1. Of 134, 166, which residue is within 30 Å of residue 300 (Cβ to Cβ), under 23 Å from the mean Cα position of the chain (by Cα) and either of a type in the set (A, V, I, L, M, F, W, C) or part of a helix (DSSP H, G or I) (or both)?
2. Somewhere in region 154-176, is a residue polar (S, T, N, Q) and open to solvent by 50 Å² or more (accessible area, probe 1.4 Å)?
3. Of the residues that sit in region 14-32 and are touching a helix residue (DSSP H, G or I) at 6+ places or on another chain (Cβ under 7 Å) and of a type in the set (A, V, I, L, M, F, W, C), which one is nearest to residue 4 (Cα to Cα)?
4. Please give the number of the condition residue 184 fails out of (1) assigned to a loop (DSSP other than H, G, I, E, B); (2) β-branched (Val, Ile, Thr); (3) more than 21 Å from the chain's Cα centre (by Cα); (4) within 30 Å of residue 339 (Cα to Cα).
5. Is it the case that region 212-226 has a residue that's within 20 Å of the chain's Cα centre (by Cα) and either under 28 Å from residue 133 (Cα atoms) or assigned to a helix (DSSP H, G or I) (or both)?
6. Evaluate region 293-306: report whether one residue or more is open to solvent by less than 10 Å² (accessible area, probe 1.4 Å) and farther than 20 Å from residue 180 by Cβ.
7. Could you name every one of the strands (runs of 3 or more DSSP E) located completely within region 243-304 that has at least 2 residues being over 18 Å from residue 201 (Cα atoms)?
8. Do we find that residue 205 is touching a residue at least 60 places away in the same chain (Cβ under 8 Å), surrounded by 19 or more Cβ atoms within 10 Å (Cβ to Cβ) and on the phi < 0 side of the Ramachandran plot in this structure?
Amino acid sequence: MTTGPRSLRTDERGFPRFWDEDRETLDPAKREQLILERIQHQLRYAYAELPFYRHHYDAHRFHPDQVRSVEDFTTKVPVITKKMLVVDQKEHPPFGSYARDLAPGEIARIHGSSGTSGVPTMYAVSRTDWERAGEVHAMAQWCAGVRPDDIVQVGFPFGLFFGGWGVVQGAERIGATLFPLGITESEKHLELIARLGSTVFSATPSYCIHLLSVAERMGLDLRESTVRHLLVGGEPGGSLPGTRKIIEEGWGAVAADAGSTSEMYPFQTSVGCEAGTGTHLYTDEVFTEVVAAGDLNAPIPVGERGAVVYTHLWRDSQPMIRFAPGDETYLATDPCPCGRTYPRLPEGILGRLDDMLVIRGANVFPSAVETALRSVPELGPEFRIVIRKNGAMDEMTVEAEGDPALVPRTEEALKRVLGIRVPVAMLAPGTLPETTFKARRVADER
């Protein structure tokens with residue numbers, strides 16, 4: 001396990017350009033062979049040691065010996081879902097039969113994710129997996145621009161939720177100064193950025209946009225602050241060009257999207273670089289597929305939108321093998337100016353497939369609405385999508401904040417992006433609830 005960056009090339013600040021240059025710039029064909037070896041190892045391990053997987057695979061008449069190529073893996077291995085994990089944990093508390101039995105001294109961390117029922121899904125991380133994840137998170141944050149001379153101020157909560165802890169882990173491994181402030185008053189975050197000279201701020205993209213409005217009310221120009229990098233995550237949007245542009249121009253800093261989902265810890269295996277080409281996928285750590293949304297064993301061409309499927313290649317304490325979280329995105333494999341040879345998600349995660357709205361026959365994602373609204377810079381940071389039933393049809397209205405004279409431009413932007421006409425209700429600034437963590441954009445009144 002490395003303890004610091006390994007790269008002969010340096011950046012403009014005099015630091016190595018890569019955390020692990022050999023790994024991050026490896027020829028993709030050689031990397032695929034390593035990925036296949038790890039896939040085969042994980043399948044054999046899960047089938048032999050974890051009852052959840054043995055029962056699941058037997059029920060689908062699948063055996064690990066059937067996988068001789070990456071294509072075999074994608075087309076033959078059945079997926080798992082969050083619903084399946086919740087049921088298994090209920091039947092086999094506390095961590096489920098997909099978790100390796102760990103003695104109390106072997107568990108480094110227990111975290112969780114609270115569902116709609118309020119019953120958390122519990123995550124147990126072994127000490128070996130926790131140590132490896134620290135290295136992965138350091139590599140990811142180095143890719144995003146974090147360096148040892150940075151002061152990293154964290155605006156994610158610290159508790160059951162995994163999110164903020166990954167930022168802490170990576171920043172500590174890098175050797176940066178860490179300020180884990182967490183959730184607090186927005187004014188305090190801004191005041192302490194100025195007081196401490198924080199150079200990296202980490203939070204959700206919607207909260208970073210919200211802080212721009214708070215700064216304006218306080219008479220602050222965040223372009224003049226000491227922050228030079230923003231590490232965003234926890235929700236879709238950080239890689240959408242319009243959203244990233246608002247964040248970067250408003251803060252005068254480089255924004256990098258990072259993170260996937262709690263089940264996939266170490267979850268910063270999808271991270272943006274300073275070139276701004278989307279998020280690099282550390283596929284030799286968490287193998288990421290984009291497959292047909294209607295058939296999760298059907299590969300699709302690079303560039304086509306589909307469903308995400310993740311696989312842990314190294315984690316053994318609670319491995320996810322072909323985990324389908326229900327997210328949509330698309331891949332790119334063209335070269336990135338940063339020199340990393342991993343595939344990328346050009347716009348990160350576009351949204352959840354179950355968040356997709358069907359309006360007059362058109363598929364509409366909240367992220368697409370956000371893309372359209374961010375192209376009208378005079379609008380406020382908050383918006384809401386309201387869905388109502390009109391006879392047999394579902395109708396959508398977008399509520400935004402700004403001058404009523406902006407309605408025609410906003411409706412035109414929505415039509416350009418969505419392909420359908422959507423009415424806009426323009427509200428006075430401050431009408432909609434302010435985002436202090438994750439944005440909730442859809443109000444379903446059907």
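The values are calculated or read from the model by the stated rules, or taken from the named source; none is laboratory data. Since we're looking at a predicted model, the values are computed, not measured. Glycine also receives a Cβ, built like all others from the backbone with ideal geometry; neighbour counts cover every protein chain displayed. Areas reflect the complete protein model, heavy atoms only, side chains present, ligands, DNA and RNA absent. Shrake-Rupley method; radii C 1.70, N 1.55, O 1.52, S 1.80 Å.
1. So the residue among 134, 166 that is within 30 Å of residue 300 (Cβ to Cβ), under 23 Å from the mean Cα position of the chain (by Cα) and either of a type in the set (A, V, I, L, M, F, W, C) or part of a helix (DSSP H, G or I) (or both) is 166.
2. No, every residue in region 154-176 fails to be polar (S, T, N, Q) and open to solvent by 50 Å² or more (accessible area, probe 1.4 Å).
3. It comes out as 19.
4. (4)
5. no
6. Taking every residue of region 293-306 in turn, at least one turns out to be open to solvent by less than 10 Å² (accessible area, probe 1.4 Å) and farther than 20 Å from residue 180 by Cβ.
7. Strands (runs of 3 or more DSSP E) meeting the threshold: 279-281, 286-292, 295-299.
8. In short, no.
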